[in-house]
1. Looking only at region 56-63, decide whether some residue is assigned to a strand (DSSP E or B), at pLDDT 95 or above and surrounded by 15 or more Cβ atoms within 10 Å (Cβ to Cβ).
2. So how many residues does region 34-55 have that are crowded, with 16+ Cβ neighbours inside 10 Å and not hydrophobic (A, V, I, L, M, F, W, C)?
3. Report the residue count in region 112-130 for those that are within 18 Å of GLY101 (Cβ to Cβ) and at pLDDT below 95.
4. Determine whether region 212-219 contains at least one residue that is in a helix (DSSP H, G or I), in contact (Cβ under 8 Å) with a residue 40 or more places away in the chain and acidic (Asp, Glu).
5. Based on this model, can you work out whether ASP44 counts as within 24 Å of ASP241 (Cβ to Cβ), of a type in the set (Asp, Glu) and free of Cβ contacts under 8 Å to residues at least 12 places away in the same chain?
6. Looking at (1) in contact (Cβ under 8 Å) with a residue 40 or more places away in the chain; (2) under 25 Å from TYR66 (Cβ atoms); (3) among the basic types (Lys, Arg), which is the one condition that is false for ARG119?
7. If you scan region 220-235, which residues turn out to be farther than 16 Å from HIS12 by Cβ and either assigned to a strand (DSSP E or B) or within 16 Å of the chain's Cα centre (by Cα) (or both)?
8. Can you pull out every residue in region 222-242 that is over 21 Å from TYR28 (Cβ atoms) and among the basic types (Lys, Arg)?
Amino acid sequence: MGCRLRLVLVIHNHQPVGNFEGVFEESYQNSYQPFLDVLSEYPDIPFSLHTSGSLMEWLVEAHPEYIDRVRGLADSGQVEILGGPFYEPILAGIPRCDRIGQITAYSDYLKKLFGTPVRGMWVPERVWEQSFVSDLVDAGMEFTLLDDSHFSAAGVRADKMHGYYLSEDEGRLLKIFPDNETLRYQIPFTDPVETIHYLKQIADHHPHSVVVFGDDGEKFGAWPGTFDHVYRDGWLKKFLDLLRQNSDWLK
């Protein structure tokens, strides 16, 4: 049948500077570590991983074994490392030079840590201004993702959000992927069968599309009630099994 739809999975993990040590550790034990445990069993399913700089620095000190695991997954090609401004500032609240400086500083840090170039980034809180395009490009970024509501506000119809758009500022071009709202509400809360059915509808009506899911990694275990649902009750494994079972049309 051949691939008729590509699903891009983007996980965003973040703890703010100054958060309680116990919150860092609890999130690690309930979300960051078990998520990797499960994904490591599915080496054929790639995903993108963004970890804020404040959390990454904590992981380097508190759980270097996690860093080693991510490095191994990046080396194997299963994980793509995403960057962003180092300490997760709202980009609109800092000067242009600081936006560029924070993004490049974190890219350099990640390259030294994982040995892989950083081509894309997570926008903090997904707060966007058009002038950020030139800042991101000047900081070495090629792409990012934003809530699909930004595209709707710009007049883009839902049936035209199955790929990426080129955005321009001062002669610089940046690829921007719409982050699918339906998937953000479904994953990991509804039965994975519903998500596969939703994706199949897109594949049938808009073949050769790209659909992006990007959301907080803390949804997978750190949010109240999600650890049992995602891991003990097997939501995540069921979802990944269904991705495999439908790999004739879904990649």
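1. No, the conditions are met nowhere in region 56-63.
2. 9
3. Going through region 112-130 one residue at a time, the tally reaches 0.
4. There is at least one residue in region 212-219 that is in a helix (DSSP H, G or I), in contact (Cβ under 8 Å) with a residue 40 or more places away in the chain and acidic (Asp, Glu).
5. When the stated conditions are applied, ASP44 does not pass them.
6. Checking ARG119 against (1) in contact (Cβ under 8 Å) with a residue 40 or more places away in the chain; (2) under 25 Å from TYR66 (Cβ atoms); (3) among the basic types (Lys, Arg), the one that fails is (1).
7. Correct list: empty.
8. LYS238
The values are calculated or read from the model by the stated rules, or taken from the named source; none is laboratory data. Everything quoted here is computed from the prediction, not taken from an experiment. With ideal geometry, Cβ positions are generated from the backbone for all residues, glycine too; neighbour counts draw on all protein chains shown.
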